[in-house]
């Protein structure tokens, strides 16, 4: 079950938000101040934060800056009685897309914002997972292909450096082998480069 943290210093507002969010099928954690919430927020265990902006001790903006500085990317929705251009700019700089004005007369706006943010967060997480999978695949493939080619190349070098070889026919065979191994290595590097571009561009 998804966990949504609610930060609101007004007790009645906090209770109303908590009841509403639970009714939508989410688990909640509610806090009167950002200081109380920070251990949970910094653990990265939640899925979304709904926060007031004007709170005693630490504002919602300061809370967002703190968790962003620690690499916590979970979505944040601000609710506030003050929605000035300055606050909107500060929120946008913290990747906060929703700033809802109090009083929340239409709670369906909050529900839509929550659903949208969770969907976008899931999509971004999935994309990061795919990037990691692609990286691991390409790394393993590169290793598995390059290792035997390197071993073969070293073996040819070793034979080429031997002093007691059979003669010209052996020299010719080693020269042909070296040329073909070099060509194969070049081909593999080109194909790996093409695959890397296709996977990541």
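For the pair residue 89 and residue 195, a Förster radius of 45 Å applied to the C-beta separation gives a FRET efficiency near 0.60, rounded to the nearest 0.05. Taking Cα atoms only, the orientation of helix 60-69 departs from the longest principal axis of the chain by about 10 degrees. Helix 34-43 axis versus longest C-alpha principal axis of the chain: approximately 20°, rounded to the nearest ten. With both labels modelled 7 Å from their Cα along Cα-to-Cβ, the residue 27 to residue 112 distance reads 3.0 nm. Relative to the current alpha-carbon distance between residue 145 and residue 161, full extension at 0.36 nm per residue lengthens the span by 3.2 nm. Remark: spin-label model distance residue 35-residue 185 equals 6.4 nm, labels positioned 7 Å along the Cα→Cβ axis.
Between residue 12 and residue 120, the contour length at 0.36 nm per residue exceeds the Cα-Cα span by 35.9 nm.
Helix 168-200 sits at what angle to the longest principal axis of the chain, using alpha carbons and giving 0 to 90 degrees rounded to 10? So the inclination is approximately 10 degrees. So if each residue of separation counts as 0.36 nm, and I subtract the Cα-Cα distance between residue 65 and residue 3, what length gain in nm does that give? Extra length available between residue 65 and residue 3 comes to 20.3 nm.
Counted by neighbouring Cβ atoms within 10 Å, the residues 72, 49 run from fewest to most as 72, 49.
Treating each Cα of region 3-105 as an identical point scatterer and summing with the Debye formula, the log10 of I(q)/I(0) at q = 0.15, 0.21, 0.22, 0.24 Å⁻¹ comes to -0.54, -1.11, -1.23, -1.47. Where does the Debye-calculated log10 I(q)/I(0) of the chain sit at q = 0.10, 0.16, 0.18 Å⁻¹, using only Cα point scatterers of equal weight, no solvent? So the normalised log intensities work out to -0.58, -0.99, -1.15. Exposure proxy ranking for 1, 74, 16, based on other Cβ atoms within 10 angstrom of each Cβ and starting from the fewest, stands as 1, 16, 74.
Bear in mind these aren't lab numbers, they're just calculated from the coordinates by the rules spelled out. Predicted model only: the values in this text are computed from it and were never measured. Cβ sites come from the backbone with ideal geometry, for glycine too, and all protein chains shown count toward neighbours.
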